[in-house]
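Enquirer: Structure provided below as structure tokens; questions to follow.
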Amino acid sequence: MAWFGTSEWPVTGLVLTLFGPPSARTGEAPAALPAKALGLLAYLALEPGNHTRESLAALFWGESDDDSARASLRQALKHIRDALGDVIRADRHSVCLAVPVDCDLRRFLEVSRAEPHAAVRYDVPHLFAGLVVRDAPAFDEWMDTMRRHALRRYIDALREEARSAVTRSRWRHALELAEQWLGSDPLSEEATGVAMEALYCQGSRAAALERFREYRDRLKKEIGSRPGEALADLARRIEHAAGVAEPASEGEGAPRFEADLVGREAQWLELVQVWGAVPSGARSAVLVGEAGIGKTRLAEEFTRWAMARGATLLRGQGYKPSGEAPFGPIASALRDTLTAPGLAGTDPEWLAEVARVVPELNRRFPRLPPASASPGLERIRLFEGVAQILTSLAAERPTILFLDDLQWCEGESCALVSFLRRRLEAVPVLFLATVTAGELVRGTPAEQLAEELGTRPGGQTIAVTPLGEAEVWQLVRQMGNIRTPTGARRFARRLYEVSDGNPFQVIEVTKLLF
């Protein structure tokens, strides 16, 4: 079956709209045509070429006798000529279109594979909406075939665009696409997974879990089935993930004071690329930028995204010098292991060593042996114990050790991380750190560790830079829930000038003024 012909769309001729209530026009206003005449135009546009009168009569009037069917075809052709002019070429034997046709369905079918971002804008679920052609079962079957074909293309485009949006951290767009997808395929497990992941990565863990429960209940009610293991596992990972602050509920049209990651696509893709290499061995990435530039926000959204894909996250935080005990940031990160899959696979001997700095391990494993009392070996045995724990965790799931504000980590923590990065070279662990460039003191253990993590094989330093003017405008529009096409542009330009594109300043000023 020939679906369509040309790839160059005419600017004159017949305009045929099939998404939504079908209509045809050659001027400004749609022509008044009976349903079968509209159906005939749609068929000739989507099945280009000559068609015999016998085949068309059988398609639309197959339940009538031959003479009546041919007479009805002549009448339909007359309706088309009277309403639209000479758009049909017909002789005693065949019928075809005589003018170029601009058909939205043909345009959709052409762009659906090459330009999925354009294809998802078409109203495919409402193809042939309201077009009822009576006593024409063959034509009804043709329309159903076209609907199924277009819907498959539409869902393929939505799938590709939704995956791309998730990969590029465009959570709101991913959620919108998932909603479109579910509107056409309500039982799609894949679309539900995209919606759950987008909600979770926005910080709405409760909404992500509620979406899973709704899908589970619908599936049971409609087909008596249960969600697949992959979706159920995603729900479990979200449920047991570290706490996520739920966004405040606002009325329709009110400012949200929230926005997607704006202007960070390049850095996000670099992180995703680093993460993709982790299964083959340890990798490291250091996010460097000025204060308030969004390093922590970027790292947090990335780690949530990775956790939704099964990662285990250990997070430590550096603080300005305040007499903190050695290994403070690492001890904080290791407390995240207490409920992590794989911890129980660590030899009790090594758990006992780490319990020196993480006493909670003694409560989790009350029968741990005493730690080694060998003089001079406590430090190296502690280092090896932490390495053994990370190895056990990573054997279960790829693991991220995230140190926020690395510039404030004290020397012992830096020495331990340096040891781990070398010791775990073949283990699937990502060492992720944020560094505020102006606060990193030269010659300190933190400065040496940041350089090591960013420059050794498998390491990368990622610069987080100020936003451009257009990105500040995009950020303000999202935060203020502004819908008008040019809304807040002058404000955003002025805000860009006074903030130098620093996201923290943009956000705080916007909150204050709104």
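The values are calculated or read from the model by the stated rules, or taken from the named source; none is laboratory data. This is a predicted model, so every value here is computed, not measured. Glycine also receives a Cβ, built like all others from the backbone with ideal geometry; neighbour counts cover every protein chain displayed. Ligands, DNA and RNA are excluded from the accessible area calculation, which covers all protein heavy atoms including side chains. Shrake-Rupley method; radii C 1.70, N 1.55, O 1.52, S 1.80 Å.
Enquirer: Give all pairs with beta carbons closer than 6 Å in which a residue from the stretch 76-99 that is assigned to a strand (DSSP E or B) meets a residue that is of a type in the set (S, T, N, Q) and open to solvent by less than 90 Å² (accessible area, probe 1.4 Å); count only pairs at least 6 apart in sequence or on separate chains.
Expert: What qualifies is Ser94/Thr52.
Enquirer: From the list Ile389, Ile400, which residue is part of a helix (DSSP H, G or I) and of a type in the set (Val, Ile, Thr)?
Expert: Checking each option against the conditions leaves just Ile389.
Enquirer: Looking at the stretch 306-335, which of its residues are open to solvent by 30 Å² or more (accessible area, probe 1.4 Å), at pLDDT below 90 and under 28 Å from Leu440 (Cα atoms)?
Expert: Tyr319, Lys320, Pro321, Ser322, Gly323, Glu324, Ala325, Pro326
Enquirer: Let me ask something else. What's the number of the condition Glu353 fails, among (1) part of a helix (DSSP H, G or I); (2) surrounded by fewer than 21 Cβ atoms within 10 Å (Cβ to Cβ)?
Expert: Checking Glu353 against (1) part of a helix (DSSP H, G or I); (2) surrounded by fewer than 21 Cβ atoms within 10 Å (Cβ to Cβ), the one that fails is (2).
Enquirer: Return the residue satisfying two criteria in turn: it lies in the stretch 418-449 and is open to solvent by less than 10 Å² (accessible area, probe 1.4 Å) and assigned to a helix (DSSP H, G or I), and of such residues it is farthest from Gly342 (Cα to Cα).
Expert: It comes out as Ala446.
Enquirer: Any idea which of Ala344, Ala291 is surrounded by fewer than 19 Cβ atoms within 10 Å (Cβ to Cβ), in contact with a helix residue (DSSP H, G or I) (Cβ under 9 Å, 6 or more places away or on another chain), hydrophobic (A, V, I, L, M, F, W, C) and not in a loop (DSSP other than H, G, I, E, B)?
Expert: Going through Ala344, Ala291 in turn, the sole match is Ala344.
Enquirer: Would you check which residues across the stretch 171-188 are surrounded by fewer than 22 Cβ atoms within 10 Å (Cβ to Cβ) and of a type outside the set (S, T, N, Q) and list them?
Expert: Arg172, His173, Glu176, Glu179, Leu182, Gly183, Asp185, Pro186, Leu187 - these are the residues of the stretch 171-188 that are surrounded by fewer than 22 Cβ atoms within 10 Å (Cβ to Cβ) and of a type outside the set (S, T, N, Q).
Enquirer: Looking only at the stretch 261-272, decide whether some residue is in a loop (DSSP other than H, G, I, E, B), farther than 30 Å from Met479 by Cα and of a type in the set (Gly, Ala, Ser).
Expert: No, every residue in the stretch 261-272 fails to be in a loop (DSSP other than H, G, I, E, B), farther than 30 Å from Met479 by Cα and of a type in the set (Gly, Ala, Ser).
Enquirer: Does any residue of the stretch 82-89 turn out to be modelled with pLDDT of 95 or more, open to solvent by 60 Å² or more (accessible area, probe 1.4 Å), farther than 30 Å from Leu175 by Cα and acidic (Asp, Glu)?
Expert: no
Enquirer: Please determine whether any residue of the stretch 462-475 is open to solvent by less than 60 Å² (accessible area, probe 1.4 Å), within 30 Å of Ser280 (Cβ to Cβ), touching a residue at least 60 places away in the same chain (Cβ under 8 Å) and not small (Gly, Ala, Ser).
Expert: yes
Enquirer: Hey, among the residues in the stretch 118-143 that are of a type in the set (Asp, Glu) and touching a residue at least 60 places away in the same chain (Cβ under 8 Å), which one's farthest from Arg159 (Cα to Cα)?
Expert: Asp135
Enquirer: Okay, next question. How many residues does the stretch 356-377 contain that are acidic (Asp, Glu) and either open to solvent by 70 Å² or more (accessible area, probe 1.4 Å) or part of a loop (DSSP other than H, G, I, E, B) (or both)?
Expert: 0
Enquirer: Listed residues Leu177, Leu209, Leu182, Leu234; which is closer than 28 Å to Val262 by Cβ and within 12 Å of the chain's Cα centre (by Cα)?
Expert: The unique qualifying residue is Leu177.
Enquirer: Only one of these conditions is not met by Arg147: (1) surrounded by 20 or more Cβ atoms within 10 Å (Cβ to Cβ); (2) part of a helix (DSSP H, G or I). Which number is it?
Expert: Only one criterion is unmet by Arg147, namely (1).
Enquirer: Looking at Val101, Val124, Val95, which is the one that is open to solvent by less than 20 Å² (accessible area, probe 1.4 Å) and more than 20 Å from Pro48 (Cβ to Cβ)?
Expert: Matching residue, one of Val101, Val124, Val95: Val124.
Enquirer: Continuing with the same structure: With the requirement that a residue be closer than 18 Å to Trp181 by Cα and not charged (D, E, K, R), what does the stretch 208-224 give you?
Expert: Ala208, Phe212, Tyr215, Leu219
Enquirer: Among the residues of the stretch 271-288, write down those that are open to solvent by less than 10 Å² (accessible area, probe 1.4 Å) and either among the hydroxyl-bearing types (Ser, Thr, Tyr) or touching a Gly at 6+ places or on another chain (Cβ under 8 Å) (or both).
Expert: Across the stretch 271-288, the qualifying residues are Gly281, Ala282, Ser284, Ala285, Val286.
Enquirer: Taking Trp408 as meeting all but one of (1) out of contact with any helix residue (DSSP H, G or I) (no Cβ under 8 Å at 6 or more places or on another chain); (2) under 23 Å from Phe327 (Cα atoms), write down the number of the exception.
Expert: Failing condition for Trp408: (1).
Enquirer: Regarding the stretch 226-240, can at least one residue be identified that is in contact with a strand residue (DSSP E or B) (Cβ under 9 Å, 6 or more places away or on another chain) and either within 20 Å of Glu176 (Cβ to Cβ) or at pLDDT below 95 (or both)?
Expert: No, the stretch 226-240 has no match at all.
Enquirer: While we're here: Write out, first by first residue and then by second, each pair whose Cβ atoms fall under 7 Å of each other, whose residues are 6+ apart or on separate chains, and whose first residue, in the stretch 254-266, is closer than 15 Å to Gly501 by Cβ while the second is modelled with pLDDT of 70 or more and exposed (fewer than 15 other Cβ atoms within 10 Å of the Cβ).
Expert: Filtered contacts from the stretch 254-266: Gly263/Gly468.
Enquirer: What residue, of Glu141, Glu63, Glu110, is open to solvent by 80 Å² or more (accessible area, probe 1.4 Å) and part of a helix (DSSP H, G or I)?
Expert: Answer to the selection: Glu141.
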